[in-house]
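What follows is a single structure, written as structure tokens, with notes after it.
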Amino acid sequence: MSNKPIFCATHPRACSTAFERVFMTRRDTLQTVHEPFGDAFYFGPERLHERYENDPEERKNSGFGDSTYRTIFDNIARDGAEGKRVFIKDMAYYWMPTEGKPPQIAPSLVNYKRGVGTDTTQLSPVTTRDGKDTPPYPYSTEGEPGNPTVLPRDLLSQFHFTFLIRHPKHSIPSYHRCTTPPLDEVTGWHSVGFNETGYAELRRLFDYLRKEGLVGPRVAGQSTNGADGTDGKDSGIEICVLDADDVLDNPTGMIEAYCKSTGIKYKPEMLKWAEDHHQKYAKEVFEKWRGWHEDAINSSELKARTHKKAPKSDDQLYAEWKEKYGEKAATWIRDTVKKCEDDYEYLKQFAIKPVSN
């Protein structure tokens, strides 16, 4: 069984923080790292997204203005040096350039080895002739054939990858809610773009890892080599995809199945965290993305829903979104959900089943 750092790749609003809290209760054996790569993606000198591009003060005040992809890997390496297995939950899209731009390896990771690599003090923004900062992407580096990320394959191979998904009809409205009053005053986000929904990027990462033999071909809980019949050299790491709604319906069975696939020792008490020391730790960890994790912060356990969500038609959902957010926002949510559905359904075919209880 692999003892590599676990990387749970996901998209926003997949109930991933509640899922993450389960593993934060195992600080005796696991060192959890909460969404580290967003620091470089949004704020640092190798940033890939334009959200804070015209707000250098916000980038500076974030505390992550100097974060590069290399410094994040260095921090992960230090966490692993404590003798605990590292558990990371993060967004796949934090590793990819936006708007379909061709991927190039992050400058700080060229020839990266732990403690050795590019001098990140040289990674300052390019400036135009009038002295104004311009976005750091595209980099001056090359990409790797077929690799959709800005990380070298050798670094990707260091992780034990798993994947967490949720139907976009649940995640996209939840995402939008965090950018409207009163939450927008806490999150600081007043809109969200399609390039921050993360479904297409998660699928691209998933397919690349399978093709490169970094996961699979065995699928957790299935006897066949891949839901689509793909065979190949066994990576020793099962394809492990969880659907968040399956977790919410049967948390005990799904968490136990996940632990079985990843080599984590399952304990029923993992699903409860009411003690003060757990709550204090969670508040500290989630502070950097204020307003996004309030439900998970204020929770005390991961317990099964008493009633499964009744299916609703597209018209019913649109009517609900229109009543809550107005017609313009409801239309954006509807159209965005449709754009993400194919990627969700593709990944869903690999989803593991719960352990029978």
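The values are calculated or read from the model by the stated rules, or taken from the named source; none is laboratory data. Being a predicted model, the structure only gives us computed values, none of them experimental. Cβ atoms come from the backbone with ideal geometry, glycine included; neighbour counts cover every protein chain shown. Accessible surface areas use protein heavy atoms only, side chains included; no ligands, DNA or RNA. Shrake-Rupley method; radii C 1.70, N 1.55, O 1.52, S 1.80 Å.
Annotation note: trypsin sites (Lys or Arg not before Pro) in segment 295-343 located in DSSP loop regions with a Cβ neighbour count of at most 12 within 10 Å are LYS303, ARG305, LYS308, LYS309, LYS312. Rolling a 1.4 Å probe over the protein heavy atoms of segment 169-220, with every protein chain left in place, gives an accessible area that is 53 percent carbon and sulfur. For the chain, the solvent-accessible area of protein heavy atoms averages 47 Å² per residue (probe radius 1.4 Å; ligands and nucleic acids excluded). Loop-only trypsin sites (Lys or Arg not before Pro) in segment 132-183, please: DSSP not H, G, I, E or B, and at most 12 other Cβ atoms within 10 Å. Loop-located and lightly packed - LYS132. Of the GluC sites (Glu not before Pro) found in segment 1-95, those that fall in a DSSP loop while having at most 14 other beta-carbon atoms within 10 Å are GLU50, GLU82. Segment 185-204 and segment 295-357 have Cα centres spaced 15 Å apart. Within the straight-line cut-off of under 19 Å between alpha carbons, the lysines reachable from LYS309 are LYS169, LYS324, LYS348, LYS353, sequence neighbours fewer than 8 places apart in one chain being disregarded. Grab the DSSP H runs of the chain that are 4 residues or longer, score each as -39,500 (n - 2.57), total them, divide by all residues and round the 222 nm result to the nearest 500 deg cm²/dmol. Rounded to the nearest 500, it is -10500 deg cm²/dmol. DSSP bridge analysis restricted to the chain gives an antiparallel fraction near 15%, rounded to the nearest 5. Cα-Cα over 32 Å: which of LYS4/LYS308; LYS233/LYS272; LYS272/LYS308? Pairs exceeding the cut-off: LYS4/LYS308; LYS233/LYS272. Taking amide H positions as modeled 1.01 Å from N, with prolines and chain starts lacking one, the residues under 5 Å from ILE239 and 5 or more places away or on another chain are GLY216, ARG218, VAL219, ALA220.
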